[in-house]
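Peer 1: Sharing a structure below in structure tokens format, with a few things to ask.
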Amino acid sequence: MAVSKTKKTTKKTTKKTTKKPAVKKPAKKTVKKTTKTAAKKTTAKKTAKPKRTKVICISHKEDCDGISSAALIRQAFGGDAILVDYPGQMEALQQVVLDEKLKSLYICDLGLSKKTQDEFLEIMATLRKNKVSVTYIDHHDLDPNVVKELKKLKVKVVHDINECASVLVYSTFKSKLNDHASFIAACAAITDYMETRPIGAKLLQIYDRQFALISATVLTYNIVGHQKEPDYLLYLVEELADSKFPHEIPNTFEFAQIQVGKLAEMIAKVKKGMKTMKNLGYMEIVDAGASGAVNFVMGLSGKDVGVAYKERVDHGIYAVSVRGSKDCKVHLGKIVNVLATDLGGSGGGHDKACGAVIPKPKIKKFITELNKKIK
């Protein structure tokens, strides 16, 4: 009887347990909500734009004024430098406009031509739309309408044909620069033949003239002689930004001496190879830079204008340097700007010193037409 009772109890217990199993229902609403929240967070991470913190200076790489401008901007604001020649100017701008981290852009010593100015304005409009701060500092001849358009876009324009670009950078951001910056600007003024201009002259007075002249010359020879070595040019920018004198930068005087020797050899080559027209002397340069030879061409030809040009095989163009004597009565920069554009190239600059990029088949036409326009 005891056994029978136990069996009965077990059955009842089993039956009761089977009827109401202790199973928890999944919290569907909570899971769904959590999934949605996670999805939102993931989407937010994907679409969030990177914070703009980068500072970039695009400057001219071929002379002391451009390198010095980049050095002063670096000293004042930090950031990175991109050094370009005129053919590479627009390509560099096309790249930086895509940089989502770019916060501030400084463009120094890079004049505009009729061929490039419209594209330049388009890029500036895009940058400003992206809330990028842009400062354009230049001293080349510039279309007044372009200046108006840039100001409409709220691009800060520092433009004065009476001073070199480095002096303009110095005077604009003087409060952010140290005392050595005035020497860098003075050297640039010397090499751009603008040391007699109002601000440039005052800066030069601070220093011994011969010390400034030799420093500017050594710096120029190192820049011209290292045009195919972009890393070295950037190194010069860093050293100058760190308040180094040219003689404190390793091997600069030794390298300048090598360049002086090459230029001495150039005199004989110019005498032998240059040609003349009624109003100018001209010559194609093969084994040196056109800018280094053009003054020899002008001086040795006995003409008021000298033209030197060197082929850029990679671009299918000639890089042209034009110089005028004190007796030259026309504004070479304005003439070259229009003429180069008409021939499918670009160009411009100062009244007595300018440059151009000319398609290779049009170089003879350029020289002939330039000769006609010089009276």
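The values are calculated or read from the model by the stated rules, or taken from the named source; none is laboratory data. This structure is a prediction, so every number in the text was calculated from the model and none was measured. Cβ placement follows ideal geometry from the backbone for every residue including glycine, while neighbour counts extend to all protein chains displayed.
Peer 1: Answer with yes or no whether Asp118 is without any contact (Cβ under 8 Å) to a residue 24 or more places away in the chain, assigned by TED's automatic domain parsing to the domain that holds Lys244 and not aromatic (Phe, Trp, Tyr).
Peer 2: The answer is yes for Asp118.
Peer 1: More than 19 Å from Asp63 (Cα to Cα) and within 22 Å of the chain's Cα centre (by Cα): is that true of Ile358 in this structure?
Peer 2: Here the answer is yes, as Ile358 does meet what is asked.
Peer 1: A follow-up question, please. Every residue in segment 265-282 that is within 22 Å of Thr368 (Cα to Cα) and of a type in the set (A, V, I, L, M, F, W, C), please.
Peer 2: Passing the criteria: Val270, Met274, Met277, Leu280.
Peer 1: Just one of the numbered conditions (1) within 30 Å of the chain's Cα centre (by Cα); (2) of a type in the set (Ser, Thr, Tyr); (3) farther than 20 Å from Leu213 by Cα is not true of Thr276; which one?
Peer 2: (1)
Peer 1: Identify all residues within segment 273-289 that are crowded, with 23+ Cβ neighbours inside 10 Å and closer than 18 Å to Gly225 by Cα; write none if there are none.
Peer 2: Ile285
Peer 1: What's the number of the condition Arg323 fails, among (1) at pLDDT below 90; (2) assigned to a strand (DSSP E or B)?
Peer 2: Failed condition: (1).
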